[in-house]
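Structure, as structure tokens:
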Amino acid sequence: MTKLDLVNQYEDFILNNLPEWNYSDAEENPQVLSQKNLFVRAISLIDKTQSTEVQLKHLGRLVAELVPDNHIEIFDDKNRQLVPKNEPKYSTLAHNLAYWSDEKLKSEKLLEVKHYKISGAPQWMLATKHSGKSVIGIVAIPSFSGDALKQAQTRKQFVEDFFAAKQNQSWQSLIFDFRGNQGGDAELIKEIGERMWGKSLKYADYFEYITPKAQSPEQAQIISAQAYRRPETPQYISSAQDKFSGRIYVLQDRWCASASEWAIYMLSQMDNTTTIGEPTSGCFAGGACIRVPFEVGYLKIGTEYRRRSRAGSSINEKEGQFADIKVSSAQAYETALKEIAQSQLNGISRLSQSKLSR
């Protein structure tokens with residue numbers, strides 16, 4: 001097998017398996033055809049005399065530039081990632097409230113603070129903040145990663161404590177802080193959201209499982225072992241005590257990817273939600289990933305196509321979800337507090353006008 005054959009194998013697998021290019025009516029989309037043709041032309045220009053490593057690095061750059069899927073990754077035999085990511089200039093740890101020190105939490109007057117140790121991932125946090133006459137619930141989740149089954153009891157306790165705090169502390173507004181969250185499993189946000197709203201929250205406008213097409217018996221065996229189909233989760237039952245009619249503010253940034261984008265998308269379906277911060281990373285189109293081996297290296301690629309929109313506009317891969325209130329990640333929390341304060345003033349003003357008109 002020549003070096004070119006190896007690159008062409010990656011090319012062929014991506015062309016025939018990428019969810020964005022292989023959903024049921026993809027062939028009818030002229031944009032898909034244009035993207036594929038551009039990718040094929042670019043691959044044909046890779047210098048065949050270069051080493052395998054150099055060729056794969058070149059391939060990785062082309063994938064990052066031309067393939068409309070932020071889940072796809074190429075690794076060499078030393079497990080080095082060859083698809084460069086456009087990452088924000090600040091750390092994932094920079095801004096989420098869950099990383100605040102005890103001293104800072106106290107200085108910001110966050111009360112009833114509870115941390116939850118999630119195995120293999122940053123801790124989650126629940127808290128209550130009194131700001132003027134407003135009582136604000138704080139939910140900080142900097143990562144959804146880790147084995148959800150192993151975390152099941154902690155996640156269950158987190159949801160139970162969330163609804164207990166909402167009731168006991170009489171939250172009037174809610175802030176969800178997802179800044180820095182690169183994904184994992186956000187099913188508990190579906191439960192929290194549906195119980196608060198009393199309606200079903202969509203995972204996507206449309207999604208479709210793409211049956212992977214193997215190139216070899218080894219690939220077929222691994223795909224069979226790793227293939228994943230998302231189970232349909234029924235709507236969570238909502239009680240009168242679960243309902244929440246206050247304003248909800250969601251803090252997001254460029255690190256938000258995959259499952260955290262799902263969480264933001266679901267909460268945004270609720271009438272009382274405002275998103276604040278930067279556009280998300282745009283990493284949702286090709287989820288349910290598998291790892292496919294080649295003679296040199298392996299490919300991580302999704303098996304599920306997803307289509308989403310908001311307010312009539314498509315949410316595009318690599319563009320992400322734009323916030324309702326556009327500010328930097330560092331300013332998102334303070335902006336939410338200002339919005340809550342302004343909302344309270346507006347409510348007082350409306351009440352005063354109502355009294356005067358009597």
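The values are calculated or read from the model by the stated rules, or taken from the named source; none is laboratory data. For clarity, every value in this text was computed on a predicted model and none was experimentally measured. Using ideal geometry, Cβ is built from the backbone for each residue, glycine included, and neighbour counts are taken over all protein chains shown. For accessibility, only protein heavy atoms count, side chains too; no ligands or nucleic acids. Shrake-Rupley method; radii C 1.70, N 1.55, O 1.52, S 1.80 Å.
Please work out the average accessible area per residue across the chain, using the 1.4 Å probe convention, and give it in Å².
On the way: 17520 Å² over 358 residues.
About 49 Å² of surface per residue is accessible.
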Per the charge dipole of the range 138-263 (beta-carbon charges, Lys/Arg positive, Asp/Glu negative, Cα centre), the residue among S245, S200, A186 reaching farthest to the positive end is S245
Compute the distance from the alpha-carbon center of the range 1-40 to that of the range 233-285, in whole Å. 33 Å
Exposure of K243 as accessible area (Å², to 10), given a probe of 1.4 Å and all protein chains: 100 Å²
Report, in deg cm²/dmol and to the nearest 500, the calculated mean residue ellipticity at 222 nm for the chain, where each DSSP H run with n ≥ 4 adds -39500 (n - 2.57) and the sum is divided by the residue count. -11500 deg cm²/dmol
Considering only protein heavy atoms and a 1.4 Å probe, what is the carbon-and-sulfur percentage of the accessible area of the range 288-349? 49 percent
Give me the dipole magnitude in Debye, nearest 20, for the chain about the Cα centre, with unit charges on the beta carbon: positive for Lys and Arg, negative for Asp and Glu. 1400 debye
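Classify the range 27-81 as rounded, prolate or oblate, taking a ≥ b ≥ c as the square roots of the eigenvalues of its Cα gyration tensor: rounded when a/c is under 1.5, otherwise prolate if a/b is larger than b/c and oblate if not.
Working: a/c = 3.66, a/b = 1.56, b/c = 2.34.
Oblate shape, in that a/c is at least 1.5 and b/c is the bigger or equal ratio.
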Assuming R0 = 30 Å, can you tell me the calculated FRET efficiency for the pair R307 and Y116, based on Cβ-Cβ distance, to the nearest 0.05? 0.35
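What are the trypsin sites (Lys or Arg not before Pro) within the range 50-99 that DSSP puts in a loop, where the Cβ has at most 10 other Cβ atoms within 10 Å? The partial results should precede the final answer.
Numbers: sites: K57, R61, K78, R80, K85, K89; in loops: K78, R80, K85, K89.
Hits after loop and neighbour filter: K78, K89.
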Rounded to the nearest 10 Å², the 1.4 Å probe accessible area of V83 is 10 Å²
Of the beta bridges DSSP finds with both residues in the chain, what % are antiparallel, to the nearest 5? 60 percent
Would you be so kind as to identify which of G287, S134, N22 lies farthest towards the positive end of the dipole of the chain, taking Lys and Arg as +1 and Asp and Glu as -1 on Cβ and the Cα centre as origin? S134
